[in-house]
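A short write-up of the structure that comes next.
The values are calculated or read from the model by the stated rules, or taken from the named source; none is laboratory data. Please read these numbers as outputs of a predicted model, since none were measured by experiment. Positions of Cβ are generated from backbone atoms using ideal geometry, with glycine treated the same way; all protein chains shown enter the neighbour counts. Surface accessibility is based on the protein's heavy atoms, side chains included, excluding ligands, DNA and RNA. Shrake-Rupley method; radii C 1.70, N 1.55, O 1.52, S 1.80 Å.
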Amino acid sequence: MFYQITSKKMNSKTEQMQAFERLLNIMDELREKCPWDKKQTLETLRHLTIEETYELSEAILDNNFDEVKKELGDLLLHIVFYAKIGSESGDFDIADVCNTICEKLIFRHPHIYSDTVVKDEDEVKQNWEKLKLKEGKTSVLEGVPKSLPALIKASRIQDKAKGVGFDWEEPHQVWDKVQEELAEFQEEVASGDKVAMENEFGDVLFSMINYARFLNINPEDALEKTNLKFIKRFQYLESKAKELNKNLSEMTLSEMDVFWNEAKKL
């Protein structure tokens with residue numbers, strides 16, 4: 001994806017800090033005076049934060065910088081909001097949040113802040129996972145949230161395993177694995193065993209996600225782009241059916257295919 005270069009003058013570090021202080025002051029006022037903001041807790045904000053994250057993701061896929069800016073602002077508001085609530089309970093404030101991530105970044109980048117030497121991105125990732133284990137984690141997979149959607153979770157699991165060297169060496173080995181899993185899936189389809197079919201289908205998906213990683217394809221982004229493409233084409237099909245005063249259910253597949261192919265050309 002190529003992002004459009006903007007000629008907008010960027011704010012100075014002082015202006016950026018002033019803008020952040022302005023947001024903190026507004027958050028203080030809202031928490032004190034707004035009936036809705038007063039009632040919010042960490043739990044009530046949680047689902048809204050997830051929603052805002054997905055909206056940011058959509059803006060990024062649309063390559064819409066104006067929307068990316070707005071959605072980042074919404075997420076930043078949530079971070080400030082959580083920190084405000086934390087300060088009221090005496091557990092943490094925004095300075096603690098900032099200092100915690102600063103210390104983590106310094107600790108996990110010894111090739112920048114100490115004498116560790118790395119030769120490429122892969123070594124950086126491997127060091128990152130080893131350092132996380134030194135922080136008390138018992139598994140490199142602990143950093144993968146349990147509540148992640150399955151497709152994203154599979155991608156993160158594979159990435160984490162790669163960070164400690166548990167990975168295929170060449171893309172063709174992964175593709176061979178995909179073929180092997182597809183064959184096993186077809187065997188279970190022929191047998192009619194629903195449980196076995198589901199298990200093997202999961203293996204097919206997992207191996208395809210792994211292959212995408214080797215090709216530097218983000219499987220979540222790829223699938224979402226296909227979803228959006230299908231939606232646009234299907235809505236075109238619906239609009240053409242309306243022009244004919246028909247419901248899609250009244251049309252034959254051959255009739256629908258004509259408009260579907262038109263949508264593909266568009």
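Structure values in brief
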read-out	value
Number of positions in the range 153-171 that are in contact with an Asp or Glu (Cβ under 9 Å, 6 or more places away or on another chain), of a type in the set (A, V, I, L, M) and at pLDDT 90 or above	0
Selection within the range 163-172 - part of a helix (DSSP H, G or I) and touching a Phe, Trp or Tyr at 6+ places or on another chain (Cβ under 9 Å)	G163, P171
Residue list for the range 62-79, filter: more than 19 Å from D28 (Cβ to Cβ) and charged (D, E, K, R)	D62, D66, E67, K69, K70, E71
Test for E184: is it outside any loop (DSSP other than H, G, I, E, B), at pLDDT 90 or above and of a type in the set (D, E, K, R)	yes
Top-ranked residue in the range 191-219 [being in contact (Cβ under 8 Å) with a residue 12 or more places away in the chain and open to solvent by 60 Å² or more (accessible area, probe 1.4 Å); ranked as nearest to V178 (Cα to Cα)]	M208
Criterion (loosely packed, with under 10 Cβ neighbours inside 10 Å and out of contact with any Gly (no Cβ under 9 Å at 6 or more places or on another chain)) met by exactly one of E29, E43, E58, E71	E43
Near pairs, Cβ below 9 angstrom, 6+ apart or cross-chain, from the range 49-73 (within 14 Å of L228 (Cα to Cα) and of a type in the set (K, R)) to any residue that is open to solvent by 50 Å² or more (accessible area, probe 1.4 Å) and assigned to a helix (DSSP H, G or I)	none
